[in-house]
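Colleague: Dropping a structure here in structure tokens format, bear with me for questions.
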Amino acid sequence: MTGALIQSGGTTIASALAISGVSIVAVQRARRRPIVGSALAERWMTWAVLGPLWLIASAWRPGRGVLLSAFVVVSAVEYSRLRPSMSLVDRWMFAACAASSIPLVTILRLEPLAVVVALALAGTVAPILQQDVRSGTQRIGAHSVGVVLIIAPFVLLAHIADDISTGAFFAVGLATAFSDVFAFVIGSTLGHRPLAPSLSPAKTVAGALGNVIGAATALGVAAATGIVAPAGMWMAPVVALGAISGDLLISLFKRERGVKDAGSWLPGFGGLLDRVDSLLVTSMLAYLALAITGGGTGGGPVNSAARCDACGT
């Protein structure tokens, strides 16, 4: 499936970038605002880089391990900065847990649940050894929440690609990206009623509709290029719900900390965690949906051509 996935995925990404690029040009001209240097253009450029990387990760297992490892480590570092209760020792421990998570699943082939449980327990070691009766429970809580919300999603993504379907892995990432783009475009042009003003003032009800439209569009393109079957369109509301929830979830941490972005190095988005926030909840919901509908959760041998009956690949 690797060659077919590269060909179909390349066509899908090119189509996605073309559709989103035309949409951005149309929106900016309608608003009589410059295209070059705009937030929409910066987001498009970022996706022009991340899209091919995601395709490589989908088709090439070593590349997938590297990309997911980089994502989870950077996200873990940014998350720990948002949690003041975590000491320097806690941050190093959390970063070490993040760095080891993907190799434990992809190289040692440990069960994802076992990895998540072990990494969560690792956060109890330092507070207990230090006998921290003042803030020990807060430190353990910050670590455990981080394992579930930051590390586990990437572990499950690796599991989806290795044991369910590389096509599903690619489609989930593509649909999440499209969901974000359409939410931003539609929300910034048609949105008036705020969805969650205390958490994310810019997010609107119209933008939430854009999440659904974007996810459905991406999955439609993926179906047209043969990456998933038309039956895979059922994933659109799952992706949209996950994208909205993930965005608001990370916004909750940022508002509590009093910062706008988790970082500043990614053009148009802030930090990496600001970009992958939608993917965090989406990957967990996709995993649950695939498991419930018979996508398979077994830990059999790696097979890049693994079939997912639920997603049609």
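Colleague: When you go through A48, A16, A26 one by one, which is the residue that is of a type in the set (A, V, I, L, M) and touching a residue at least 60 places away in the same chain (Cβ under 8 Å)?
Modeller: Result of the check over A48, A16, A26: A16.
Colleague: Being aliphatic (A, V, I, L, M), out of contact with any Ser or Thr (no Cβ under 8 Å at 6 or more places or on another chain) and surrounded by 22 or more Cβ atoms within 10 Å (Cβ to Cβ) narrows it down to one residue among V77, V49, V105; which is it?
Modeller: Answer to the check: V105.
Colleague: For region 115-134, how many residues are surrounded by 15 or more Cβ atoms within 10 Å (Cβ to Cβ) and farther than 20 Å from S101 by Cα?
Modeller: The total comes to 2.
Colleague: Taking D90 and the conditions (1) surrounded by 15 or more Cβ atoms within 10 Å (Cβ to Cβ); (2) of a type in the set (D, E, K, R); (3) farther than 26 Å from S251 by Cα, which numbered condition does it fall short on, given that it satisfies the others?
Modeller: Only one criterion in (1) surrounded by 15 or more Cβ atoms within 10 Å (Cβ to Cβ); (2) of a type in the set (D, E, K, R); (3) farther than 26 Å from S251 by Cα is unmet by D90, namely (3).
Colleague: Okay, moving on. Keeping to region 230-260, report how many residues are open to solvent by 30 Å² or more (accessible area, probe 1.4 Å) and not β-branched (V, I, T).
Modeller: Here the count works out to 16.
Colleague: Restricting attention to region 52-73, which residues are modelled with pLDDT of 95 or more and aliphatic (A, V, I, L, M)?
Modeller: V66, L67, L68, A70, V72, V73
Colleague: Among the residues of region 119-132, are any free of Cβ contacts under 8 Å to residues at least 40 places away in the same chain and on the phi > 0 side of the Ramachandran plot?
Modeller: yes
Colleague: Those residues that are open to solvent by less than 70 Å² (accessible area, probe 1.4 Å) and assigned to a loop (DSSP other than H, G, I, E, B), I need them from region 1-30; list them, please.
Modeller: The answer is none; no residue qualifies.
Colleague: Check R193, R139 and return the single one that is farther than 24 Å from G51 by Cβ and crowded, with 22+ Cβ neighbours inside 10 Å.
Modeller: None of the other options fit; the residue is R139.
Colleague: Can you pull out the helices (runs of 4 or more DSSP H) entirely within region 91-197 that have at least 3 residues that are within 16 Å of the chain's Cα centre (by Cα)? Break it down stepwise before answering.
Modeller: Values: elements: 112-122, 125-129, 136-146, 152-163, 166-190.
Hits in region 91-197: 152-163, 166-190.
Colleague: Here is a further query. Can you work out which of the residues in region 198-217 that are in contact (Cβ under 8 Å) with a residue 24 or more places away in the chain, open to solvent by 40 Å² or more (accessible area, probe 1.4 Å) and not in a helix (DSSP H, G or I) is nearest to M233 (Cα to Cα)?
Modeller: L199
Colleague: Considering only region 153-185, state which residues are over 23 Å from A48 (Cα atoms), out of contact with any Phe, Trp or Tyr (no Cβ under 9 Å at 6 or more places or on another chain) and open to solvent by 10 Å² or more (accessible area, probe 1.4 Å).
Modeller: D163, the sole residue that qualifies.
Colleague: Within region 53-69, is there a residue that is open to solvent by less than 70 Å² (accessible area, probe 1.4 Å), within 22 Å of G270 (Cα to Cα) and more than 15 Å from the chain's Cα centre (by Cα)? Working first, answer last.
Modeller: Going residue by residue through region 53-69, those that are open to solvent by less than 70 Å² (accessible area, probe 1.4 Å) are 54-55, 57-59, 63-65, 67-69.
Among the residues that remain, those that are also within 22 Å of G270 (Cα to Cα) are: 54, 67-69.
Checking the rest, the ones that are also more than 15 Å from the chain's Cα centre (by Cα) come to none.
No, that holds for no residue.
The values are calculated or read from the model by the stated rules, or taken from the named source; none is laboratory data. Keep in mind the model is a prediction, meaning the values are calculated, not measured. With ideal geometry, Cβ positions are generated from the backbone for all residues, glycine too; neighbour counts draw on all protein chains shown. Note: areas computed on protein heavy atoms with side chains; ligands, DNA, RNA excluded. Shrake-Rupley method; radii C 1.70, N 1.55, O 1.52, S 1.80 Å.
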